[in-house]
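The values are calculated or read from the model by the stated rules, or taken from the named source; none is laboratory data. Small disclaimer: the values here were computed from a predicted structure and weren't measured. Counting neighbours? That spans all protein chains shown, and the Cβs are built from the backbone with ideal geometry, glycine included. The protein model used for the area step is the full one, side chains on, heavy atoms only, and it has no ligands, DNA or RNA in it. Shrake-Rupley method; radii C 1.70, N 1.55, O 1.52, S 1.80 Å.
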Amino acid sequence: MTRYIMRRLLQAIPLLVLVSLIVFVLANAMGDPLASFGGRRRIRSSDRERLTRQLGLDKPITVQYAVWLIGNDWMDIDLDGDGIADSKGTRQGILRGDWGKSFMEKRPVTDLIRERLPNTLLLMVASEIVIVVSSLVIGIYSALKQYSFVDHLITGLSFVGYSMPIFWTALMMMYVFAVKLKQWGLPYFPTVGKYDLSVGPTLAQIAWHMVLPVTSISIISVAGYTRFIRSSMLDVIHDDYIRTARAKGLTEKMVLFRHALKNASLPLVTIVGLDLPLLLGGAVVTESIFAWPGMGRLYWNAAQDTDVPVLMGILMLISGAVVVFQIITDITYTFLDPRIRYD
Amino acid sequence: MKSRTWKLVVAIVIATLLAPLAGCATPAPEVVEKVVTQVIKETVIVEGTPQVVEKEVTKVIEKEVTKVVEVEVPVEPEAEPKVITMMFTQEPDSLNAIYYGMWYAALVADLFNPGLWTWNDVLEPSLEMAAEFPTKDNGLISEDGMTVTIPINPDAKWSDGEPVTAEDFVFTYEMIMDPANIAVNSTWPYADYVENVTVEDNSLVIQFSDTFAAWATTMFDFVLPKHVLQPVYESEGTIDDAEWNRDPTVVNGAFKLKEWEAGGYLTLEANDNYWRGRPNLDQINILIVPDSEAQMNGIKAGDTDIGIFLSYSEIPTLQALEHYVDMQMVLSGYNESWFFNLNTDETAAKNGHPALQDVRVRQAVAYAVDFDAICQELLYGETYPPPTKWEETPYAYPDANPYKYDPEKAKALLDEAGWVDSNGDGTRDKDGVELVLIYATTQGREIREQTQVVAMQMLAEVGIGIEVQNGSYDVFWNSYGEGGPIATGQFDIGEWSDSFSFPDPTESQWLCSEIPSDESPDGSNWYGICDEELDALFRAQEVEMDPVKRIELFHEVSKIINEKAYWLGVWHDNDLWTTSKRAKNVRFSGADPFWNCFEWDVED
Amino acid sequence: MSAASSLSLQDASPTGRPPQSPIQLAWQRFRHHKMAMLGVGLLITILIYVTVGAWIFSESDANYNDLKARLQSPSAAHPFGTDGTGRDILARTIYGGQISIIIGLLAVLVSLTLGVLIGAIAGFYGGIVDSILMRLTETMFTIPQLFLLILLGKMLSGKIPTFTLLGRSFSGSVIVIIGVIGATSWMYLARIVRANYLALKEREYITAAHCLGTPNGYIIFRHILPNTIAPIVVSATLGVASAILSEAYISFLGLGVQAPTATWGNMLNQAYHHLETEPWMWFFPGTFILLTVLAINFLGDGLRDALDPRTVT
């Protein structure tokens, strides 16, 4: 098992290098990082030239990538524009743990990510729990009561939920449950933010502010997962060994949870395993609409401002997580299905 | 209950009963005639720059005076803290003015870090760290205009009690110019115009290397605390990474930073050591809400007291909320503008459509589009098309031609210029070239996109074809070196909101020397305009220290630009701000929006 | 599987009825899937709407700005109301629908081509070719689609000029969007196709074909591909729905098809500041998106059930 893990990790390295290369080239081609620098006024030409030099953007793209990877403190760079490279570089490169500094905020990328990541995790893990639990319950119920009216209703609703654009769902939720409820004098949800400034970050406040964003995110995924679990359960329920278990006289509950669920959940593990690392990217639109201070917005702002170090940082984080989670998923398989073995 | 508690209850009951009696004891009012001398401030343009002059005015007023009886008023229970909340759609990138690039950062800085003076809502200087505004009259500007002396306000203090001195300003200048501070955003205008900055008896003395008319609006609008940052500089060799940049512990403004949760919010609290005394408000909360719809929801729900930089399309919604929201349109020098690409050098890729070289074609475009209707319908009549860039300032040429909608005249001009539809395809042509113009602007602003489709239709009616090529903000403004569409002339009509160096009228984008090329890729004259007369006038105004003569020069400038239709005004783009009814005394300035934050108050 | 169907063929003959081909069996299963039929009906209605509607309203009707008539609620003159510059929303949903559906179909065509090609070649040839192609697929998988959408959208928008086709002019950004969505959604299909090819290429009839000297290309496309059609069809169908949603999403972020061409997605985007005050601006295009995507999902679900013999009906 350990050898298997090591092998997978080693295989992941070229993948990560490839991803970083492609993303770096694309991110730099995306736009001009200095365009957003002047605020409302466009940046002056003398300053543009100086900043280009200081941020290292005047070097060819291969050199820039190398600097991002291994830093430039081992070579001399020309900081003051006199054409003579006489100052030492200050960057160490990501391989030595230096993720670089954001162009816009001029702060280490690791600081930015560290500030936002917990907020995103809070939102997305809560959403994922809601999604998995709800879809399991609804999906199993739907499978057991196949072709009943409830089943059709659930199927219909899940299709509808599945077909709605996320931004519409989020805006509608905010509009109905925050603005309109308040206008009608009913108890209402807050519009934006993680908590009310006057009250402070208490658990109750944060939980209250999380309701609307979590619901918006969950609706669409619950719809999709429910369909999936339903068909997965249907596959399993009609298998022979389930019939045997029932014939043996086991209670329905035992049949469901001991036998059916374990096998039906294999595909679910795949999906959850694939989805979890993407959670780190946050839900860009939902976070924007609900002003949740998470990774999604950091990501979107960095994309809009062409803040290359931040983009690289976030994407490498996500890619790394994808690799790790795929390995974890594969290992979880072995617990769920003893027939699966790796060497 | 214990006996002590009982006594307290009785005391409170008695006090509550007594309070109304204080009102009953009001005696009958007397009518008194008073002669009052008021001192009012007026803006007068006297040699130098706009200057504040005090005048005495005598008035006779009748006033009802009520004799107040001294009554023992019971101590009021501690009042609710006075808080104003606002929402920013972008988070400041730094709180140190030499580093920040974002407009929102400058906004927050208005609250805690004013410089020599701020520019108020009628564009007069409101003195902060300076004791007097320098003019030639009071001798603080030298005869040749090359030396300016600014006495520092003796009451000005930092929030830790240390006085603000001219040394702090010299330190600020040094930090801006020091190459060890790599991340400094801009060294302009210091590097270009300043010879030296020194201290003389707690006055700041600036020695210019070149006469610089715009000095009062572009220099020292903030100041760094030397006693806090000098040690950092000495130990680290730079202040790029100083903690003060994110957490300014020592400030000189009305408020100081209490907390900043990245991505979430900033809170500022009143600064007791502010030189005007503690401000009325106790706290200001700034929430970071990136989505403009969510911000509107916040305004509707009453979660925000100040709406910042709102889109004009929200005006009907705001008008419906007029019982608890007030709108303010604030002059900021911005105008939504159309620029024509007049490049004609050998590098063909840069060249605009040949038709645009003819002034009649440009004028035809101006007459063909009904900008008034656009302002009336799309902008709810809240603004109008400005005939010059310096609209609402004394620098605008007063007799400029507004190019009122006249499609027949447009067609006549085009016919006269030789552009007719010879092949019947709907667009005019000449010598085999179709009159199809590339119309470029940035994506993402609803009004801009609406203007685009409406203008397209109107131009099609006079036979001018339009091809839309929009890009997202940073792609649009890519530099010449990176092949940015505007910088490399890949447009015929470019639309964006443009301003001069408000409140100073200067700008450099019209100069021949600013045309970008491979040798000088950073020029800002993307339209390729090289008009000798215009060039001479702009160079003259840069060094003209006499404000009256300067105004005359700009009249000439705006006249030429108007007659030759180099630039068209689409709408006068004042900033749209809102305040909730509970926020009092909030007056926005186009230059330093939060300049009077020390006067802000709330009334619940 | 093949054993089971051959049994049923033999079972069928004693009753005298002719044996049914797998396609006919699939069709029967499909017809009995109520939701799928509902989906088909809905889709046909929508398609009629966007095609017949185009005969009633001309494209200039859809793009005609009438500032005096802007932001009007539904009335006799404008049954779906008007938008921010006075354009008729009914006409715009017709033409916008055409573009949205075309984008959906063509984007799927792009991703289908890419996915099948890459999956087939990787699965068939195996070895180094497989490794490289699979690494490429994984890389594209790892990079979040949103990032690629934003990136490519920004890079390419505004670069391709308007072009005319069949007498109508289309904004160049339509091509960009098709390319962007297509280039970011082929990976899932490539995986499935590859897996099928890996399995199928070991079959005896393939070995026989090799022995006969059949060229590889012929084997890939004429022998194996028809047997792996089922997941491709299902994936393509659902891909159209996904592409239409992606178009709406990109338009919402401001990177979609440019003015004055209408799509359901950019109509939603234009309604963003009018959600409360002019709800007809988002209601109609939003509902059309919802119904179309819903119908396609039903259809895809039915196809999946019909074409996959293992599913219980």
Practice problem: Determine the relative contact order of the stretch B:195-343: mean sequence separation of Cα pairs under 8 Å and six or more apart, normalised by residue count, in whole percent. | Solution: 9 percent
Exercise. Using every Cα-Cα pair within chain A, state what percent have a distance larger than 32 Å.
Key: 48 percent
Quiz item: Of the trypsin sites (Lys or Arg not before Pro) in the stretch C:189-295, which ones lie in a loop per DSSP and count no more than 14 other C-beta atoms within 10 Å?
Solution: C:203
Quiz item: Based on the alpha carbon coordinates of chain B, what radius of gyration and maximum Cα-Cα distance (Dmax) apply, in Å?
Solution: 28.5, 106
Quiz item: Name the residues of the stretch B:364-392 whose accessible area falls by at least 50 Å² when all protein chains are present instead of the chain alone, probe 1.4 Å?
Solution: B:377
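Gain in length, residue A:208 to residue A:70, computed as 0.36 nm per residue apart minus the alpha-carbon separation, to one decimal in nm?
On the way: separation 138, 0.36 × 138 = 49.68 nm, distance 4.47 nm.
Net length gain for the segment: 45.2 nm.
Ignoring ligands, DNA and RNA, please state the percent of accessible area on the protein assembly as shown from carbon and sulfur, probe 1.4 Å.
Details: 32460 of 54460 Å².
The C+S portion of the solvent-accessible surface of the protein assembly as shown is 60 percent.
Give me the Kirkwood hydrodynamic radius of chain C, using the inverse of the mean 1/r over all pairs of distinct Cα atoms, in Å to one decimal. Provide the component values of the computation, followed by the final result.
Numbers: mean 1/r = 0.0456 Å⁻¹.
After inverting the mean inverse Cα-Cα distance, the result is 21.9 Å.
What is the stretch C:71-149's relative contact order, in percent, from Cα pairs under 8 angstrom and six or more apart in sequence?
Details: 39 pairs, mean separation 9.5, N = 79.
Across the stretch C:71-149, relative contact order equals 12 percent.
As a test of the definition: with a 1.4 Å probe, what buried accessible area, both sides summed, do you compute for A against B, in Å² to the nearest 100? Show your work: numbers first, answer last.
Numbers: alone 19400 and 28160 Å², together 43320 Å².
It comes to approximately 4200 Å² buried between A and B.
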Quiz item: Under 15 Å from the Cα of residue B:157, which aspartates and glutamates turn up, not counting those fewer than eight places away in the same chain?
Solution: B:128, B:167, B:168, B:272
Quiz item: Just the Cα atoms of the stretch B:519-598: what Rg and Dmax do they give in Å?
Solution: 18.8, 56
Quiz item: Size of the dipole of chain B about the Cα centre, Lys and Arg at +1 and Asp and Glu at -1 on the beta carbon, nothing else charged, in debye to 20?
Solution: 2080 debye
Exercise. Mind checking the per residue accessible area of the protein assembly as shown for me, 1.4 Å probe, whole number of Å²?
Key: 43 Å²
Exercise. Starting from one equal scatterer on each C-alpha and no solvent at all, send me the Debye-based log10 I(q)/I(0) for the stretch B:84-163 at q = 0.15 Å⁻¹, two decimals.
Key: -0.73
Exercise. Beyond 18 Å between alpha-carbons counts as too far, so tell me which of B:389/B:564; A:182/B:584; B:404/B:564; A:101/A:194 fall in that bin.
Key: A:182/B:584; A:101/A:194
Self-check item: Sites residue B:324 and residue C:73 - FRET efficiency at Förster radius 30 Å, r taken between beta-carbons, to 0.05
Solution: 0.70
Quiz item: Based on the Cβ-Cβ distance from residue B:517 to residue A:275, what FRET efficiency comes out when R0 is 35 Å, to the nearest 0.05?
Solution: 0.10
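Give the interface area between chains B and C as buried accessible surface, both sides summed, probe 1.4 Å, in Å² to the nearest 100.
On the way: alone 28160 and 17060 Å², together 42810 Å².
The summed interface area works out to 2400 Å².
Å³ per residue of the Cα convex hull, for the stretch B:263-386? Walk me through the numbers on the way to the answer.
Working: hull volume 28.2 nm³, N = 124.
Convex hull of Cα atoms, per residue: 228 Å³.
Rounded to two decimals, what is the ratio between the C-alpha radius of gyration of the protein assembly as shown and 2.2 N^0.38 Å?
Numbers: Rg = 34.7 Å, N = 1260, 2.2 N^0.38 = 33.2 Å.
In units of the 2.2 N^0.38 Å rule of thumb, it is 1.05.
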Quiz item: How much accessible area is lost when chains C and A come together, counting both sides, with a 1.4 Å probe, in Å² rounded to the nearest 100?
Solution: 3700 Å²
Quiz item: What is the P(r) of the stretch B:387-459, as percent of Cα-Cα pairs per 5 Å bin from 0?
Solution: 3, 12, 15, 16, 18, 18, 12, 5, 2, 0
Quiz item: Given the options C:37, C:267, C:155, which has the most mean-square fluctuation in a GNM of chain C, springs set between C-alpha atoms less than 10 angstrom apart?
Solution: C:155
Quiz item: Give me the log10 of I(q) over I(0) for the stretch A:207-280 at q = 0.16, 0.17, 0.26 Å⁻¹, as the Debye formula computes it from C-alpha points; what are the numbers?
Solution: -0.70, -0.75, -1.14
Quiz item: Given the Cα atoms of the stretch B:410-496, and with Rh set as the inverse mean 1/r over their pairs in the Kirkwood sense, what is Rg to Rh to two decimals?
Solution: 1.05
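Which entries in the list A:253/C:34; A:106/B:256; B:350/B:549; B:409/B:430 go over 26 Å, if you measure between the two C-alpha atoms of each? Kindly include the intermediate steps, with their values, before the conclusion.
Working: A:253/C:34 31 Å; A:106/B:256 22 Å; B:350/B:549 37 Å; B:409/B:430 19 Å.
Over 26 Å Cα-Cα: A:253/C:34; B:350/B:549.
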Exercise. Using 0.36 nm per residue of separation minus the Cα-Cα distance, give me the extension gain between residue C:204 and residue C:31 in nm, one decimal.
Key: 58.9 nm
Practice problem: Output the Cα-based Rg and Dmax of the stretch C:41-161 in Å, rounding Rg to one decimal and Dmax to a whole number. | Solution: 21.4, 67
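Based on the alpha-carbon gyration tensor of the stretch B:207-270 and its eigenvalue square roots a ≥ b ≥ c, which shape applies: rounded if a/c is under 1.5, prolate if not and a/b is larger than b/c, or oblate?
oblate
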Quiz item: Taking the alpha carbon gyration tensor of the stretch C:147-236, what are the square roots of 5 times its eigenvalues, largest first, to the nearest whole Å?
Solution: 39, 16, 11
Self-check item: Mean Cβ neighbour count within 10 Å, used as a protection proxy, ranking B:327-336, A:48-57, C:90-99 highest first
Solution: C:90-99, B:327-336, A:48-57
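Take the alpha carbon atoms of the stretch B:559-604, find their radius of gyration, then divide it by 2.2 N^0.38 Å using N residues; give the quotient.
Working: Rg = 17.6 Å, N = 46, 2.2 N^0.38 = 9.4 Å.
Relative to the rule-of-thumb radius for its length, the stretch B:559-604 sits at 1.86.
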Self-check item: Projected-area mean, the stretch B:421-468, by convex hull of Cα positions, square nanometres
Solution: 3.3 nm²
Exercise. If a/c stays under 1.5 just call it rounded; otherwise compare a/b with b/c (prolate if a/b is bigger, oblate if not). Do that for the stretch C:50-118, with a ≥ b ≥ c from the square roots of the Cα gyration tensor eigenvalues.
Key: prolate
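Diagonalise the Cα gyration tensor of the stretch A:128-286 and give the resulting equivalent ellipsoid semi-axes, square root of 5 times each eigenvalue, largest first, whole Å.
Working: eigenvalues 268, 57, 45 Å².
Each semi-axis is √(5λ); the values are 37, 17, 15 Å.
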Quiz prompt | Kirkwood estimate for the stretch C:207-313, i.e. one over the average of 1/r between Cα atoms, Å | solution = 16.9 Å
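Scaled to the compact-protein estimate 2.2 N^0.38 Å, what is the alpha-carbon radius of gyration of the stretch A:242-318, rounded to two decimal places? Display every interim value, and only then the final one.
Values: Rg = 21.3 Å, N = 77, 2.2 N^0.38 = 11.5 Å.
The stretch A:242-318 yields a ratio of 1.86.
Using the C-alpha atoms of the stretch B:419-572, what convex hull volume per residue, in cubic angstrom, is computed?
Numbers: hull volume 22.5 nm³, N = 154.
In the stretch B:419-572, the Cα convex hull volume per residue is 146 Å³.
Applying 1/(1 + (r/R0)^6) with R0 = 45 Å to the Cβ-Cβ distance of residue C:212 and residue A:328, what FRET efficiency is obtained, to the nearest 0.05?
Values: r = 47 Å, r/R0 = 1.04.
The calculated FRET efficiency here is 0.45.
Let me spell out the model: positive unit charges on the Cβ of Lys and Arg, negative unit charges on the Cβ of Asp and Glu, origin at the Cα centre of the stretch A:53-194. What dipole size does that give, in debye rounded to 20? It would help to have the intermediate numbers written out before the result.
Details: 14 positive and 13 negative charges, 143 e Å.
It comes to approximately 680 debye.
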Quiz item: Roughly what would the spin-label model give for residue A:144 and residue A:18, points 7 Å off Cα along C-beta, in nm?
Solution: 4.6 nm
Quiz item: Quick one: which bits of the stretch C:83-132 get at least 30 Å² less accessible when the partner protein chains are in, versus the chain alone, with a 1.4 Å probe?
Solution: C:85
Practice problem: Starting from the Cα of residue B:278, step 7 Å along the direction of its Cβ; do the same at residue B:536; then give the gap between the two resulting points in nm. | Solution: 6.3 nm
Quiz item: Per residue in the stretch B:220-256, which ones lose no less than 10 Å² of accessible surface when going from chain alone to all protein chains (1.4 Å probe)?
Solution: B:241, B:246
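How high is the relative contact order of chain A, in percent, with contacts defined as C-alpha pairs under 8 Å that are six or more residues apart? Each step should come with its number before you reach the end.
Working: 400 pairs, mean separation 78.9, N = 343.
Contact order relative to length: 23 percent.
If you wrap a convex hull around the Cα atoms of the stretch B:323-441, how much volume per residue is inside, in Å³?
Numbers: hull volume 20.1 nm³, N = 119.
Given the Cα convex hull of the stretch B:323-441, per-residue volume reads 169 Å³.
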